[in-house]
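Trainee: Right, I'll just put the structure down here and ask away after.
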Amino acid sequence: MTTQRIIRTPDQRLRVFVSSTLQELADERVAAKNAITKLRLSPVLFELGARPHPAQALYRAYLEQSHVFIGIYWQRYGWVAPDMSVSGLEDEYRLSGQRPKLIYVKTPAPEREPRLKQLLDEIKNDAVSYKPFASAAELQQLIEEDLSLVLTESFEAAYAAPDTRAMEAADTSLRLRFLPTPVSTLIGREQETGEIAALLTRGDVRLVTLTGPGGVGKTRLSLEVARRLQEGGQFADGVCFVPLAAATTDHDMTAAIAQAIGLRETGPSASPQPLFDRVSEGLRDRQALLVLDNFEQAVASAPLLADLLAAAPQLEILVSSRTVLRLSGEYEYEVAPLAVPDPEHDTVLALRDNGAVRLFVERARASKTGFELTEDNASAIAAICRRLDGLPLAIELAAARIGLLTPQTLLSHLEQSLNTLNSGRRDAPERQRTLRHTIDWSHSLLEPQEQIMFARFAVFSGGCVLDAAEHVLNLAPIDSPLDVLTGLVDKSLIYLDDQSAHGEQHESRLMMLQTIREYALEKLDERGEFEVLRASHTRYFEQLVCQAESELNSSTESRWLARLGYDRDNLRAALEWLLRTGQAEAAAGAAWTLWQFWVAHSNLREWQQWTAEMLNGLPDGSGARAKALVLAGGVAAWQGDYARGVPLLEEGVALFERLGERNHAVSALMTLGIALMNKGDLERASQVLSRGLAGDV
């Protein structure tokens, strides 16, 4: 095998990546930097570099180019981005791969967060150096001593066995241990879990597709199977969950897999190799399980899964989809509703082990403490489960009514409502009609103002905080939005997501299941309020962007980034509405304020379309047009299209200068300089960046 010779410049030093939370360990990060530079090595810290790129892309690029990993931990786990299940802190550790690792844990830590404790427990089991410290001075001394030892050991290992070093190392930065943590226990699926797990460990089955209607519990079941296989160690290189709810094209699906396993889609350090080829290559020698969720929207991309399995002979894939993929080698497992009780055996003894009844009772306890299955209510509960065809989502919605109704009364209301809904969508599958009937029935139990608020809440994409709901939805004839929203939460048509509490605010989000939201959108359309609600929604998020502009460079930056991250779908909807209604100037202003955030949380092709629409709707010579030019040029350059991006950036810089908008011109110059640097035009990049740093505009 011919290997490429690496030639390094004389000033190339060994790079040491430092991972920690930024604020609570600021002094310790300075100490680490001092220790590293004292040994004439190069410290790699997030705050030392310019930030033209999203934070996640930046720290991953820095880590990829580093040789030694230092982790410093105390009490905080760190912010979890909306599209991730772990914080950047944990992500950095998992991407550190086979690099030498030095771990330092500050004590005492009386307020250590549970997720950090869990991460530290896992780190203890890895083959790493793990040491406590009490002060920044002690930490600096430890790092100096340990780094010196690492260098000595690495040199001796290389000298003693040069022939054993791998000529081509696998990409150890891939993250293949990513499973969301469910918020509730799985009930009534013991047999299915065992059967699916057995399929995936047979050896001759490499692609299993869980099919069934919406609301039957495919996602939850796939997570339980994955958890069991991960804990059992059946896949040496891990199990990785890939959400595909937003994927509709080949590129979307490939990008979602790449993001889940830790491959960057774009950026200066990304490989020019096609993304699918990079994913295939990264998984080629991995004994791993990919869990692809909500595949029905990307079913046209199913042939790519066959190509991926062919390229990676030890890879297995578990798919959840409403539609079978029809691929060679695919094993379809139909996830049926929970088994319903036999009408002739409605006794407590006979019902205790029935999955549908167990689910109903467990969820009913959440609405009414101490609720139990008794001889008095057993027959009614069994009848409810049968009436709902054992569909888990329908059962959970019905069980939420137990706080208000007895099982016998609940059954009576349910039967009467369902009898009036037989004229529903007849082109839908029977089970989908049953689910729709259940949601319709829940809606019919709402008070008039609750029905109005239920429909209006659908204007939010991905939920919202209470403040947003009160401002956007507080239109006549709602008297008290808070009271009405509380009623919807109590009746489980809206739920609180405490996991999204962010920063110091600790504010939960109001959420609506997507299946229910689709129904609510129909009700909103029937009311004829969609346009006015969308305008109100857009005004609120325009104000949020204005508020964020002054906060993003302050001590509250992390909290605001979290807030914006959770509202990324709402922000996208607001921007699209501005463009749709001819408000290109306002769209350009909002996009300019948050452009780095937008790029981090948007599909770049979608971003291209937005900037093109802005340019088409803005007059020549305006400040808004200058912003749109720089935005369009920055995104093109980020995608590697410098032939298009650089001229757009140059035009934007020139227009800002003509308009006398000095601060914006400086920002545009820095963006242009970075694009030129990434393009390889270093001489011109140096000139442009020097102008920007000097404010020479």
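The values are calculated or read from the model by the stated rules, or taken from the named source; none is laboratory data. In this text the structure is predicted, and so the values were computed from the model without any measurement. As a convention, Cβ positions derive from the backbone with ideal geometry for all residues, glycine included, and neighbour counts pool all protein chains shown. Ligands, DNA and RNA are stripped out before the accessible areas are found, and what is left, the full protein with its side chains, is counted by its heavy atoms. Shrake-Rupley method; radii C 1.70, N 1.55, O 1.52, S 1.80 Å.
Trainee: Out of curiosity, is Arg517 modelled with pLDDT under 90, surrounded by 14 or more Cβ atoms within 10 Å (Cβ to Cβ) and touching a Ser or Thr at 6+ places or on another chain (Cβ under 6 Å)?
Mentor: no
Trainee: I'm trying to understand the selection: among the residues of the range 100-111, which are over 11 Å from Gly71 (Cβ atoms) and open to solvent by less than 70 Å² (accessible area, probe 1.4 Å)?
Mentor: Within the range 100-111, Pro100, Lys106, Thr107, Ala109 qualify.
Trainee: Test each condition in (1) closer than 29 Å to Thr181 by Cβ; (2) modelled with pLDDT of 90 or more; (3) small (Gly, Ala, Ser) for Ala57 and report the one that comes out false.
Mentor: (2)
Trainee: Okay, moving on. Checking Leu404 against (1) closer than 19 Å to Asp490 by Cα; (2) modelled with pLDDT of 85 or more; (3) over 33 Å from the mean Cα position of the chain (by Cα), only one condition comes out false. Which one?
Mentor: The one condition Leu404 does not meet is (2).
Trainee: Any residue that is open to solvent by less than 60 Å² (accessible area, probe 1.4 Å), within 30 Å of Leu89 (Cβ to Cβ), assigned to a loop (DSSP other than H, G, I, E, B) and in contact with a strand residue (DSSP E or B) (Cβ under 9 Å, 6 or more places away or on another chain) - is there at least one of those in the range 556-577?
Mentor: The answer is yes; a qualifying residue exists.
Trainee: Moving to a separate point now. Given (1) out of contact with any Cys (no Cβ under 8 Å at 6 or more places or on another chain); (2) closer than 26 Å to Glu231 by Cβ; (3) surrounded by 24 or more Cβ atoms within 10 Å (Cβ to Cβ), where does Leu289 come up short, assuming only one miss?
Mentor: Failing condition for Leu289: (1).
Trainee: Could you please let me know if Gly217 is touching a Pro at 6+ places or on another chain (Cβ under 6 Å) and within 16 Å of Glu195 (Cα to Cα)?
Mentor: Yes.
Trainee: Consider only pairs whose beta carbons are under 8 Å apart and that are at least six residues apart or on different chains; among these, list those whose first residue lies in the range 338-359 and is in contact (Cβ under 8 Å) with a residue 40 or more places away in the chain and farther than 17 Å from Phe371 by Cα and whose second residue is assigned to a helix (DSSP H, G or I) and of a type in the set (D, E, K, R).
Mentor: Taking only residues 6 or more apart or on different chains, the pairs are Val340/Arg386; Pro341/Arg386; Pro343/Arg386.
Trainee: Could you check, for the range 651-663, whether at least one of its residues is under 35 Å from the mean Cα position of the chain (by Cα), under 23 Å from Arg605 (Cα atoms) and part of a helix (DSSP H, G or I)?
Mentor: yes
Trainee: Moving on to the next point. Any idea which of Asp307, Asp252 is more than 27 Å from Val216 (Cβ to Cβ), surrounded by fewer than 22 Cβ atoms within 10 Å (Cβ to Cβ) and not aliphatic (A, V, I, L, M)?
Mentor: Unique residue meeting the criteria: Asp307.
Trainee: Report whether or not Trp638 is open to solvent by 30 Å² or more (accessible area, probe 1.4 Å), within 29 Å of the chain's Cα centre (by Cα) and touching a residue at least 24 places away in the same chain (Cβ under 8 Å).
Mentor: For Trp638, the condition - open to solvent by 30 Å² or more (accessible area, probe 1.4 Å), within 29 Å of the chain's Cα centre (by Cα) and touching a residue at least 24 places away in the same chain (Cβ under 8 Å) - is met.
Trainee: Within the range 377-417, how many residues are more than 16 Å from Arg358 (Cα to Cα) and surrounded by fewer than 18 Cβ atoms within 10 Å (Cβ to Cβ)?
Mentor: Residues that pass the stated criteria total 11.
Trainee: Restricting the range 413-461 to residues that are of a type outside the set (A, V, I, L, M, F, W, C) and modelled with pLDDT of 85 or more, which is nearest to Pro477 (Cα to Cα)?
Mentor: Gln449
Trainee: If the Cβ limit is 9 Å and pairs must be 6+ apart or interchain, which residue in the range 100-119 that is assigned to a helix (DSSP H, G or I) pairs with which residue that is of a type in the set (Gly, Ala, Ser)?
Mentor: The qualifying pairs are Arg115/Gly78; Arg115/Ser87; Leu116/Gly78; Leu116/Ser87; Leu116/Ala109; Lys117/Ala109; Leu119/Ser87.
Okay, residues lined up against (1) open to solvent by less than 70 Å² (accessible area, probe 1.4 Å); (2) within 30 Å of Ser301 (Cα to Cα); (3) of a type in the set (Gly, Ala, Ser):
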{"residue": "Glu332", "(1), (2), (3)": "no, yes, no"}
{"residue": "Val348", "(1), (2), (3)": "yes, no, no"}
{"residue": "Val357", "(1), (2), (3)": "yes, no, no"}
{"residue": "Lys368", "(1), (2), (3)": "no, no, no"}
{"residue": "Glu372", "(1), (2), (3)": "no, no, no"}
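Trainee: Please pick out the residue among Gly49, Gly88, Gly78, Gly97 that is at pLDDT 85 or above and open to solvent by less than 50 Å² (accessible area, probe 1.4 Å).
Mentor: None of the others qualify; the one that does is Gly78.
Trainee: Turning to a different aspect of this structure: Do you know which residues across the range 665-696 are outside any helix (DSSP H, G or I) and either under 18 Å from Asp641 (Cβ atoms) or open to solvent by less than 30 Å² (accessible area, probe 1.4 Å) (or both)?
Mentor: Answer for the range 665-696, where residues must be outside any helix (DSSP H, G or I) and either under 18 Å from Asp641 (Cβ atoms) or open to solvent by less than 30 Å² (accessible area, probe 1.4 Å) (or both): Gly680, Asp681, Gly695.
Trainee: Something else now. Which residues, taken from the range 591-622, are at pLDDT 75 or above, outside any helix (DSSP H, G or I) and open to solvent by less than 30 Å² (accessible area, probe 1.4 Å)?
Mentor: Across the range 591-622, the qualifying residues are Leu594, Leu618, Ser622.
Trainee: So if I check each of Glu542, Glu529, which one is open to solvent by 40 Å² or more (accessible area, probe 1.4 Å) and of a type outside the set (Lys, Arg)?
Mentor: Exactly one of Glu542, Glu529 is open to solvent by 40 Å² or more (accessible area, probe 1.4 Å) and of a type outside the set (Lys, Arg), namely Glu542.
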